[in-house]
Amino acid sequence: MKFCRVDQLKLINLLKDRNVSIEGNILKIIDTSDSPEFIEYITESINRDKSNRRKRLQITKAIQENNKELVEFREENERITNELRVALKESDIAKTLAENAKINAETDLDIIQRKKQSELTGIIVKYALWMICGVGLISTGLFAISLYTGRETQLIASTWSNLFGILLTNAFSIVGTIMGIKYGSDSEKNK
């Protein structure tokens, strides 16, 4: 490829004035045989092109190195994110298991408390009935002995009548209280 003298001077002036020259593989095919000044321009342009290519190559290598680091960081970030997701799922599972264990323990405790309350209620009712029966039998026995021996029975008869009324009232009171407690605790659980 050959440039006329006018174009050669324009290119030389462009390099001097604005520091702009031709770049690339086109420099290899330009004919420089007729002008030593243009030979100097082409030599300068080739040297500048080599220098610019080296700079671009260094920049490209630096960008590739940075991209490699960014890819490694992204992969590490994804790995950590996945580990966090797994840990959160395990944490949720552990939390659910703990809540279920707590509910089971509370249910077991409630069952044990109800069983103990039922046993205690049965014992209280049993002893109350034995005491009522015992006092009733003793007072009836004393009343019968008084009648049989012919002693004064008016005082014993009114005492015996009052005693049976009190025992009967207390028996119903105890049983009613126990049934009320049972009913109240059952209705609280149903709510």
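The values are calculated or read from the model by the stated rules, or taken from the named source; none is laboratory data. Everything numeric here is computed off the predicted structure, so don't read it as measured data. Heads up, the Cβs are rebuilt from the backbone with ideal geometry, glycines too, and the neighbour counts pull from every protein chain shown.
Scanning segment 12-51 for residues that are surrounded by 12 or more Cβ atoms within 10 Å (Cβ to Cβ), part of a helix (DSSP H, G or I) and not charged (D, E, K, R) turns up I12, L14, L15, L27, F38, I39, Y41, I42, T43, S45, I46. The set of residues in segment 107-133 being free of Cβ contacts under 8 Å to residues at least 60 places away in the same chain, surrounded by 11 or more Cβ atoms within 10 Å (Cβ to Cβ) and within 17 Å of A171 (Cα to Cα) consists of L120, G122, I124, V125, Y127, A128, L129, M131, I132, C133. Inclusion of L9 among residues that are assigned to a helix (DSSP H, G or I), free of Cβ contacts under 8 Å to residues at least 12 places away in the same chain and in contact with a Phe, Trp or Tyr (Cβ under 9 Å, 6 or more places away or on another chain) is warranted.
Among the candidates G150, G141, which residue alone is under 30 Å from T177 (Cβ atoms) and not acidic (D, E)? None of the others qualify; the one that does is G141.
What residue, of S91, S45, is in contact with a Leu (Cβ under 6 Å, 6 or more places away or on another chain) and at pLDDT 85 or above? Going through S91, S45 in turn, the sole match is S45.
Look at L88 and say whether it is assigned to a helix (DSSP H, G or I) and in contact with a Ser or Thr (Cβ under 8 Å, 6 or more places away or on another chain). No: the conditions fail for L88. Exactly one residue out of I178, I156 is over 60 Å from the mean Cα position of the chain (by Cα), touching a residue at least 12 places away in the same chain (Cβ under 8 Å) and surrounded by 10 or more Cβ atoms within 10 Å (Cβ to Cβ): that is I156.
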